[in-house]
Amino acid sequence: MKIETCAVHAGRHIDPATGAVTPPIHLSTTFERSADGEYPRGFSYSREDNPNRKDLEECLAALEGGSQALCFASGLAVVNAIVQGLEPGDHIVAPDDVYWGMRRVIGEVFGKWGLETSYVDMTNIDDFHAALKANTRLVWVETPSNPLMKITDLTAIAALARGAGPQIVTVCDGTFATPVLQRPLECGIDMVAHSTTKYLSGHSDVVGGALITRHDNYLFERARKAQRYGGGVPSPFDCWLTRRGIDTLALRVRAHSENAMRVAQFLCAHEAVEAVHYPGLPSHPGYAIATRQMSGYGGMLSFQVRGGREAAMAVAAGCELFLRATSLGGAHSLIEHRASIEGPNTRTPQNLLRCSIGLEHVEDLIGDLEGALKS
Ligand SMILES: Cc1ncc(COP(=O)(O)O)c(C=O)c1O
């Protein structure tokens with residue numbers, strides 16, 4: 001089944017009680033037992049499972065081509081659930097420009113857990129290979145990366161990790177690409193993590209996360225326990241909204257990508273712009289891998305403004321259509337000075353602005369940036 005069809009049909013069931021085509025939202029926290037004490041409909045208590053969450057998990061597993069999925073209350077709840085499954089002394093390999101929230105989870109939430117972490121440039125396969133150790137248990141990949149849009153070769157990472165032993169579980173954060181543009185499990189990666197807050201729900205009105213696995217593995221089973229007993233679960237309404245957003249995922253992601261390509265080309269040609277980071281530009285170092293690995297280049301880009309931090313801030317301030325806000329993947333375009341949100345230890349250049357290119361008409365977006373860059 002093609003992804004457009006899957007996005008509309010997977011995890012959708014006609015309501016047996018009413019025939020409703022759009023699923024009802026099951027707010028009930030508890031479900032009836034039969035006289036013999038069993039749960040014949042499969043649900044007992046909504047932290048453990050809920051019909052809306054089950055439908056969304058079924059849909060996400062199908063979209064990624066995985067065997068099972070787990071939904072969480074946020075993307076970072078997924079990261080917490082996975083890291084919590086590791087043992088003291090275990091080693092993690094993660095990208096040196098990994099989403100900064102992940103660094104905070106590893107360093108601040110699990111600081112006393114005794115984990116060892118190597119942050120490496122995963123676009124350099126030799127560096128990655130050299131970072132693997134006998135105690136490596138988790139390899140985390142993020143591609144395209146946030147906010148520098150670096151591209152990592154998923155097939156190469158999966159093969160090297162597999163070659164280093166069956167104890168290593170590989171996870172790709174697929175938030176920027178979505179399953180429409182990139183299929184990590186088909187590249188041999190074990191699991192895909194998403195902040196469903198972004199493109200999957202797609203309208204900037206839900207915070208959520210998901211973990212999808214290709215096959216049974218102990219970190220997925222431990223994440224399931226973290227979900228059910230730890231309780232970081234999404235509400236039925238959030239699951240329902242996310243499932244509804246997925247109906248239009250393929251159309252939205254392609255429209256975001258087309259707009260982003262045009263904006264990237266415009267920025268490249270602008271004299272006030274020092275560098276543009278967009279994997280769809282032939283000048284991008286990851287262009288060849290992105291072209292092989294992705295079916296489009298996505299709606300995210302970042303660019304560096306000549307003149308440093310103040311000049312970048314002034315461009316963001318001069319935008320009228322682009323909203324100055326964090327997050328990504330919604331209908332409206334967003335612009336953000338990443339270094340100031342990431343704080344004093346950031347590795348992000350001070351003159352960098354990250355853009356989530358929305359679904360407005362691209363000429364209006366280019367006009368807005370043109371005005372802001374002029375001022
Ligand atoms: C690539 C990436 N992964 C994970 C997350 C965390 O997701 P959430 O904000 O839903 O917890 C984000 C949030 O911005 C992100 O950009």
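The values are calculated or read from the model by the stated rules, or taken from the named source; none is laboratory data. Keep in mind the model is a prediction, meaning the values are calculated, not measured. In this analysis, Cβ positions are derived from the backbone assuming ideal geometry, glycine residues included, and neighbour counts consider all displayed protein chains. Heavy atoms of the whole protein, side chains included, go into the accessibility calculation; ligands, DNA and RNA do not. Shrake-Rupley method; radii C 1.70, N 1.55, O 1.52, S 1.80 Å.
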Checklist entry - Taking the Cα centre of the chain as the origin, how large is its charge dipole in debye, to the nearest 20, when only Lys and Arg (+1) and Asp and Glu (-1) carry charge on their Cβ atoms? => result 320 debye
Item to check | Three-way shape label, region 278-334, alpha-carbon gyration tensor, a/c 1.5 | outcome: oblate
Checklist outcome for this item: Shape call for the chain, from the Cα gyration tensor axes a ≥ b ≥ c (a/c under 1.5 means rounded, otherwise prolate when a/b beats b/c, else oblate), comes out oblate
Item to check | 222 nm mean residue ellipticity, helices alone, for the chain (DSSP H n ≥ 4; -39,500 (n - 2.57); rounded to 500) | outcome: -10500 deg cm²/dmol
Next on the checklist: If you take every DSSP beta bridge fully contained in the chain, what fraction is antiparallel? Give it as a percent rounded to 5.
Outcome noted: 60 percent
Next on the checklist: Distance between the C-alpha centers of region 322-371 and region 86-117? Whole Å please.
Outcome noted: 27 Å
Next on the checklist: Tell me the carbon and sulfur percent of the accessible area for the chain, rounded to whole percent, probe radius 1.4 Å.
Outcome noted: 54 percent
Checklist entry - By how many degrees, 0 to 90 and rounded to 10, does the Cα axis of helix 249-268 deviate from the longest principal axis of the chain? => result 20 degrees
Item to check | Charge sum, other residues only, whose C-beta stays under 10 Å from residue 334's C-beta, Lys/Arg counted +1 and Asp/Glu -1 | outcome: +1
Next on the checklist: Roughly how far apart, in whole Å, are the Cα centres of region 1-64 and region 132-185?
Outcome noted: 30 Å
Checklist entry - Using the Cβ atoms and a cut-off under 13 Å, what net charge is assigned to the surroundings of residue 293, where Lys and Arg are +1 and Asp and Glu are -1? => result +1
Checklist entry - Per residue, how much accessible area does the chain show when a 1.4 Å probe rolls over the protein heavy atoms, in square angstrom? => result 42 Å²
Checklist entry - Against the longest alpha carbon principal axis of the chain, how many degrees, from 0 to 90 and to the nearest 10, is the axis of helix 362-374 turned? => result 50 degrees
Checklist entry - Roughly how tilted is helix 218-230, in degrees to the nearest 10 and between 0 and 90, from the longest Cα axis of the chain? => result 80 degrees
Checklist entry - So how exposed is residue 36, as accessible area in Å² (1.4 Å probe, rounded to 10)? => result 110 Å²
Checklist entry - Say the cut-off is 32 Å between C-alpha atoms; which of 2/374; 2/54; 54/133; 54/150 go over it? => result 2/374; 54/133; 54/150
Checklist outcome for this item: Within the set 100, 140, 240, GNM on the chain using Cα springs under 10 Å gives the largest fluctuation to 100
Checklist entry - Is region 94-227 rounded, prolate or oblate when judged by the Cα gyration tensor, a ≥ b ≥ c being the square roots of its eigenvalues, rounded requiring a/c under 1.5 and prolate requiring a/b larger than b/c? => result rounded
Checklist entry - residue 38: accessible area at probe 1.4 Å, nearest 10 Å²? => result 110 Å²
